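First the structure, in the form of structure tokens, and then the observations on it.
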Amino acid sequence: METETIREKFLKILGNSYKKFGFPAILGWIEALLCLEKKELMQGEISIQLTNIFKDQNVATSISSVNRALKIMEFYKIVVKKGNPKIGYSYKINMDSNFIIKFFYNLIEMTKNVTKNLTDLKELAIKKDDQPLIVALNLQTDYMTNMCDIITKGIRLSQNDKL
């Protein structure tokens, strides 16, 4: 198997992992490219490389697509941005970042918000004496609480492994 095909597969594997978390595949492709490069890349360079790699496929690799992806990656601190508007920005992978851990922390926060909303709704259901709704809300609240606990324990275990 030639090197370019192997590299394309590497990009696709990372792209698919991002898709499984609900993000565009281009985030994984960019992360893979930045991991492969020994230097920082500008948006245009990233776009050109992605276009060359995926030339026979109908995928978004334009500078605007790369720009949107990089903004998401900056938000999650996956990439480090250098430069200024006058000379342009270059990007490199943030080796201190762990996207998955940050994703799970966001999932915990979202789950806590849903649990609070369910608890508030349960109070109304109790006042209305809607037993089927109370049972359903209890089930969902327990599920959400258990999910938060499991994710939190998983994060702690993964961080203890690094110590």
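The values are calculated or read from the model by the stated rules, or taken from the named source; none is laboratory data. Keep in mind the model is a prediction, meaning the values are calculated, not measured. Cβ atoms come from the backbone with ideal geometry, glycine included; neighbour counts cover every protein chain shown.
Do any residues in segment 138-151 that are under 16 Å from Ile126 (Cβ atoms) have Cβ atoms under 7 Å from those of residues that are of a type outside the set (Lys, Arg), where the two are at least six apart or on different chains, and which pairs are they? These pairs meet every condition: Gln140/Leu118; Thr141/Thr115; Thr141/Leu118; Thr141/Thr119. Taken across segment 3-12, residues that are touching a strand residue (DSSP E or B) at 6+ places or on another chain (Cβ under 9 Å) and surrounded by 15 or more Cβ atoms within 10 Å (Cβ to Cβ) do not occur at all.
Can you tell me which of Glu31, Glu45 is in contact (Cβ under 8 Å) with a residue 60 or more places away in the chain and either under 23 Å from Leu107 (Cβ atoms) or not in a loop (DSSP other than H, G, I, E, B) (or both)?
Numbers: Glu45 fails: in contact (Cβ under 8 Å) with a residue 60 or more places away in the chain.
On inspection, the qualifying residue turns out to be Glu31.
Quickly run through segment 103-139 and pick out the residues that are of a type in the set (A, V, I, L, M, F, W, C) and under 22 Å from the mean Cα position of the chain (by Cα). If you could, list the steps in order and put the result at the bottom.
Initial filter on segment 103-139 (of a type in the set (A, V, I, L, M, F, W, C)): 103-104, 107-108, 110, 114, 118, 121, 124-126, 133-137, 139.
Residues satisfying the conditions are Phe103, Phe104, Leu107, Ile108, Met110, Val114.
For (1) assigned by TED's automatic domain parsing to the domain that holds Ile78; (2) over 25 Å from Phe21 (Cα atoms); (3) surrounded by 15 or more Cβ atoms within 10 Å (Cβ to Cβ); (4) touching a Gly at 6+ places or on another chain (Cβ under 9 Å), each residue gets a yes or a no:
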position: Phe104; (1), (2), (3), (4): no, no, yes, yes
position: Leu107; (1), (2), (3), (4): no, no, no, no
position: Thr115; (1), (2), (3), (4): no, no, yes, no
position: Lys122; (1), (2), (3), (4): no, yes, yes, no
position: Pro132; (1), (2), (3), (4): no, yes, no, no
position: Thr141; (1), (2), (3), (4): no, no, yes, no
position: Ile151; (1), (2), (3), (4): no, no, yes, no
position: Gly154; (1), (2), (3), (4): no, no, no, no
position: Leu157; (1), (2), (3), (4): no, no, no, no
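Does Thr145 satisfy the condition of being farther than 17 Å from Asn106 by Cβ and assigned to a helix (DSSP H, G or I)? Yes, satisfied.
Among the residues making up segment 61-79, those that are surrounded by 16 or more Cβ atoms within 10 Å (Cβ to Cβ) and either of a type in the set (Phe, Trp, Tyr) or in a loop (DSSP other than H, G, I, E, B) (or both) are Thr61, Tyr76, Ile78. For residues that are closer than 17 Å to Leu14 by Cα and touching a helix residue (DSSP H, G or I) at 6+ places or on another chain (Cβ under 7 Å), scanning just segment 76-127, find the one that is modelled with the lowest pLDDT. Filtering first and then ranking leaves Ile101. Residue count for segment 51-86 under the criterion of being closer than 14 Å to Glu40 by Cα and among the hydrophobic types (A, V, I, L, M, F, W, C): the result is 4.
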